[in-house]
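So the structure is just underneath, and the comments pick up after that.
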Amino acid sequence: MGTIRDAQVLLERSQRAGGRPAVIVLIGLPASGKSTAARALLNVLPSGKIFRSNRDDYRRMALASVSYSSLEEAVITAAQNNAIPPLLALGVNVIVDDTNLITEFRTDLMRLARVMSAAYLEVTEFLLVPPDICITRDEQRPEAERVGSTGITKMWMDRVCDSALLTRALTDADLADTTTWSDTDGKN
């Protein structure tokens with residue numbers, strides 16, 4: 001577990017002699033600031049040394065319309081998980097900025113990192129962005145990209161609110177003396 005600052009340090013460390021690439025997994029509700037932070041992290045290293053992987057981008061790229069069916073999600077998971085090992089083999093760091101609230105997705109990413117001898121870090125600070133803030137930010141998105149208040153509230157209630165994930169985020173926040181990206185940039 002860690003913070004965005006930990007992710008920056010890990011990325012910088014990957015570039016030292018003998019450094020190994022990393023898989024950095026950002027965890028949080030939609031519109032909590034994950035993608036904004038991921039885009040900022042792209043600037044930490046030279047182009048070609050870091051890659052952003054996002055399930056929504058894969059959906060837009062690969063599907064004519066999105067229904068979130070089991071088949072579609074299996075296709076997107078396969079596309080994302082099959083793209084990561086070759087990148088790591090090239091020494092490229094990977095930032096995954098999906099919601100990552102589903103344990104199985106994070107477990108798959110952790111296994112990929114382990115198999116490829118890559119470092120692995122989960123950034124939980126985005127879980128501390130309140131759902132009402134996420135809903136307000138989501139409403140500012142183009143209509144086709146909105147999750148909606150019902151979806152965000154359901155994710156909060158089903159996956160975050162009383163979960164070990166939230167406890168970890170609060171612990172990480174207590175250990176870190178940082179401000180989240182979402183607090184500093186005012187965007188999602």
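The values are calculated or read from the model by the stated rules, or taken from the named source; none is laboratory data. Given the structure is predicted, the values throughout are model-derived calculations rather than measurements. Methodologically, a virtual Cβ is constructed for each residue, glycine included, from the backbone with ideal geometry; neighbour enumeration extends over all protein chains shown.
Tell me, please, whether a residue that is modelled with pLDDT of 85 or more and surrounded by 14 or more Cβ atoms within 10 Å (Cβ to Cβ) can be found in region 169-176. No, because not a single residue in region 169-176 is modelled with pLDDT of 85 or more and surrounded by 14 or more Cβ atoms within 10 Å (Cβ to Cβ). As a summary of the residue check, Leu109 satisfies the conditions (1) crowded, with 19+ Cβ neighbours inside 10 Å; (2) closer than 11 Å to Leu29 by Cα except for the one numbered (2).
Based on this model, can you work out whether Arg5 counts as closer than 23 Å to Cys161 by Cβ and either of a type outside the set (A, V, I, L, M, F, W, C) or crowded, with 17+ Cβ neighbours inside 10 Å (or both)? No. Would you say Val147 is modelled with pLDDT under 95, over 22 Å from Ala37 (Cα atoms) and either of a type outside the set (Phe, Trp, Tyr) or not in a strand (DSSP E or B) (or both)? No: the conditions fail for Val147.
Among the residues of region 90-106, those that are part of a loop (DSSP other than H, G, I, E, B) and more than 16 Å from Lys34 (Cα to Cα) comprise Leu90, Gly91, Val92. Checking Leu127, Leu121, Leu45, Leu101 one by one, the residue that is under 14 Å from the mean Cα position of the chain (by Cα) and under 18 Å from Gln8 (Cβ atoms) is Leu121 and no other. For region 60-78, the criterion of a residue being of a type outside the set (S, T, N, Q) and touching a residue at least 60 places away in the same chain (Cβ under 8 Å) is satisfied by no position.
Listed by first and then second residue, the pairs with beta-carbon distance under 8 Å, at least 6 apart or on different chains, first residue in region 97-112 and without any contact (Cβ under 8 Å) to a residue 40 or more places away in the chain, second among the charged types (D, E, K, R) and in a loop (DSSP other than H, G, I, E, B), are Phe105/Asp98. In region 19-73, how many are under 18 Å from Val92 (Cα atoms) and either assigned to a loop (DSSP other than H, G, I, E, B) or in contact with a Cys (Cβ under 7 Å, 6 or more places away or on another chain) (or both)? Of the residues in region 19-73, 12 are under 18 Å from Val92 (Cα atoms) and either assigned to a loop (DSSP other than H, G, I, E, B) or in contact with a Cys (Cβ under 7 Å, 6 or more places away or on another chain) (or both).
Considering Glu104, Glu122, Glu73, the condition of being surrounded by fewer than 14 Cβ atoms within 10 Å (Cβ to Cβ) and charged (D, E, K, R) is satisfied by Glu104 alone. All of Ala89, Ala64 fail the test of being of a type in the set (Gly, Ala, Ser), surrounded by fewer than 16 Cβ atoms within 10 Å (Cβ to Cβ) and under 21 Å from Arg114 (Cβ atoms), apart from Ala89.
Quick one: would you say Ala83 is among the aliphatic types (A, V, I, L, M), touching a residue at least 24 places away in the same chain (Cβ under 8 Å) and part of a loop (DSSP other than H, G, I, E, B)? Here the answer is no, as Ala83 does not meet what is asked.
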